[in-house]
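Working notes for the structure below.
Nothing in this text is a laboratory measurement; each read-out follows from the coordinates by a stated rule. Predicted model only: the values in this text are computed from it and were never measured. Cβ sites come from the backbone with ideal geometry, for glycine too, and all protein chains shown count toward neighbours.
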Amino acid sequence: MNQLDEAQIQQVQREISELLSGVTNEIPIILFTQPGKNDVFSDAARQTLRFFRELTDKIVLREFNLDHELAKKLNVQQSPTLVFDPDRYNIRWLGAPIGEEGRIFLEALILIGSQKSNLNEQSLHVIKKIKQPRDIKVFVSATCPYCPQQALNTLKAAVEKPDLISLEIIDIQANSELATHYSAQSVPQTYANDVLIAQGAQPEELFILSLEKMEQQTVFIPESDVQEVETDLVIIGGGPAGLSAGIYAARSGLKSVVVEKGVLGGQVATTPVVENYPGMKQIGGKTLVDMMVTHALEYVQIFPGEEVVGVEPGEPIIVQTSRRRFNTKVVLMATGATYRNLGVPGESRLAGHGVSYCSTCDGPLFKDKKVITVGGGNSAVTEALHMYHIGVNVTLVHRGDNLRAQDFLVKNLIQNNIPILFNTEVKEIKGKYNVEEVLLYNNKTEDLSTLPVSGVFIAIGYNPAIGLAQEIGLELTEEGFIKHDQYRTNIPGIYTSGDVAGGYKQIVTAAGHGAEAALTIFEDLINPYWT
């Protein structure tokens, strides 16, 4: 058995030596330790370094105590700490690379020794957008099989942009106080500038995107540099209607693309909790959107962040975006709707400074503060409930004497004792730099009053996004929605679906209408009604 173990060790050594044989540059490593502090980990770090130094002559090792001037210069405070090539990179390891962490250490040697990040093309495209410093902390453990993947992602980022990205790989056992401070009892966890950007291991592209966006991303959509795209169907709008249409059109055999200028998922992405989508008793709006987008990506190409600037009917129909041109047989207008404004003094000036239209986005900033939610429908009540549950002191303000929201939501509002001001209108939002108070008008008593608040969350409905439709020449209904007959508009080859086409403002109906529109398009392309 011992002979077998020895043979296995030798095989591992040969494999590691082969991997390190491609390293062409010296790998300066400084080990900082302090006698009497984490001696077990310090000894383990020395043993690991000794093992790898026997396999490559590229490692240049120095060791100092924590009280050495160099430790102060590099701001090293933990024992043991490994600092890699400090003249070129800002990469350090807090702990000892043992167990699963040995794989991470090997990857670090290869990347630093080759001075190449080995990021793929899509990741490189995203990381170029990072213009501000990122101080990464990734918490790992010797027994975590998922940690090497995430740590490798962070290493690649730090090697690719050493001028902006610094990295600390932190062993939670050797640094229990740090792990407790960051609540990193489950690994891997990754922070950037002390903001949690990832829990668990991610594919490389998703990590780089999370690093760029400074929040965990769950969907990565590859960007395309193609200037002209030939397709059967261009879907303008990436909400439930557009995404569902893309899936059904592609499954019918139509080459389809989705173009979205804003946030994929539309209003759903900013809905705190969805409780009425079939099969999902309760799910976060963003989570539901991610599921839809991931599903759609299996069938269609999605072009996020692109605004359609023109549509020219004809054969083909030409769709021009801010980045490229699409030549297509048909177009589906699924542009959705936008937030409706109050239109009162102070609203636009203080937008982003206490005035918000999204409790999911901004609600946590107002924990333990007093805010109002304006509106009386499902959206307003849902927003108020969400903020109540995250610790915001919220009052609902409604201009009518009855709420229009579903009974279930109203009962939930009452059960949680959330104050409601009926027959009350917001006349002005006041504050020098941020929201400080609101001027309220009681439309029954005609009394004016002020209410000190830190935030105003507006949820009074949506306006259909019909700007592009009007430019194209599509007919509208009296209510301002795109007029259609079985999703067909007045211009042959152009269809509509979702909130912009009117009807119930529900996720399930938008998704259903998107699917139905796609099937209608498929049938019309087989037998064009306009001929």
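Restricting to the chain, compute how many DSSP beta bridges are antiparallel as a %, nearest 5. If we restrict to bridges inside the chain, about 45 percent are antiparallel. Take the Cα of Ser21, step 7 Å toward its Cβ, do the same at Thr445, and the gap between the two points is 8.8 nm. The stretch between Glu437 and Thr180 holds 88.6 nm of extra length on full extension. This uses 0.36 nm per residue minus the Cα-Cα distance. Against the chain, whose longest principal axis comes from its Cα atoms, helix 147-160 is set at around 90 degrees. Near Asn490, once Lys and Arg are set to +1 and Asp and Glu to -1 for all other residues with Cβ below 10 Å from its Cβ, the sum equals 0. With K and R counted +1 and D and E -1, the other residues having a Cβ less than 13 Å from that of Asn341 yield a net charge of +1. Here are labelled values, (1) 65; (2) 52; (3) 59, and one is the computed percent of Cα pairs over 28 Å apart for what I pasted. Which one? Step by step, percent of Cα pairs over 28 Å apart for this structure corresponds to label (1). In terms of packing, defined here as the mean over residues of other Cβ atoms within 10 angstrom, the peptides 474-482, 134-142, 69-77 line up highest first as 134-142, 474-482, 69-77. Counting only Cα atoms, the size of the stretch 19-213 along its three principal axes is 43, 39, 32 Å, in decreasing order.
Taking packing as the residue-averaged number of other Cβ atoms within 10 angstrom, the listed peptides 394-407, 241-254 run from highest to lowest as 241-254, 394-407. For the stretch 367-400 versus the stretch 121-142, the spacing of their alpha-carbon centroids is 36 Å.
At 0.36 nm per residue, and after removing the present C-alpha to C-alpha distance, how many nm does the segment from Ile283 to Ile318 gain when stretched out fully? Write down the numbers at each step before the final one.
Values: separation 35, 0.36 × 35 = 12.60 nm, distance 3.83 nm.
Answer, rounded to one decimal: 8.8 nm.
I'd like to know which of Tyr487, Pro304, Ile414 lies farthest towards the positive end of the charge dipole of the chain, counting +1 on Cβ of Lys and Arg and -1 on Cβ of Asp and Glu. Going by the charge dipole, the pick is Ile414. Relative to the dominant Cα principal axis of the chain, helix 2-20 is inclined by about 60°. For the chain, the 222 nm mean residue ellipticity estimated from helices alone, with every DSSP H stretch of n ≥ 4 adding -39500 (n - 2.57) and the total spread over all residues, rounds to -9500 deg cm²/dmol. In this structure, Val226 and Leu164 have a Cβ-Cβ separation that, at R0 = 41 Å, corresponds to a calculated FRET efficiency of about 0.90. Electrostatic tally near Ile458: other residues with Cβ closer than 13 Å to its Cβ, Lys and Arg +1, Asp and Glu -1, net -2.
Please tell me which of these pairs span more than 27 angstrom C-alpha to C-alpha: Lys129/Lys286; Lys128/Lys369; Lys261/Lys281; Lys483/Lys505; Lys72/Lys213? Long pairs (Cα-Cα over 27 Å): Lys128/Lys369; Lys261/Lys281; Lys72/Lys213.
What FRET efficiency comes out for Glu275 versus Ser114 if R0 is 56 angstrom and r is the Cβ-Cβ distance? Round to the nearest 0.05.
Working: r = 52 Å, r/R0 = 0.92.
Once rounded, the FRET efficiency stands at 0.60.
In this simple spin-label approximation, Glu69 and His389 carry label points 7 Å from Cα along the Cα→Cβ vector, and these lie 5.9 nm apart.
Backbone N atoms of the stretch 497-515 closer than 17 Å to the 7 Å Cα→Cβ label point of Phe408 belong to residues 505-510. Helix 204-213 and the long axis of the chain differ in direction by around 70°, with both axes built from C-alpha atoms. Compared with the alpha-carbon gap, the fully stretched path from His295 to Gln47 is longer by 84.5 nm at 0.36 nm per residue.
Restricting attention to the stretch 32-181, close to 30% of DSSP beta bridges with both partner residues there are antiparallel. A straight Cα-to-Cα reach below 20 Å connects Lys329 with the lysines Lys255, residues fewer than 8 places away in its own chain not being considered.
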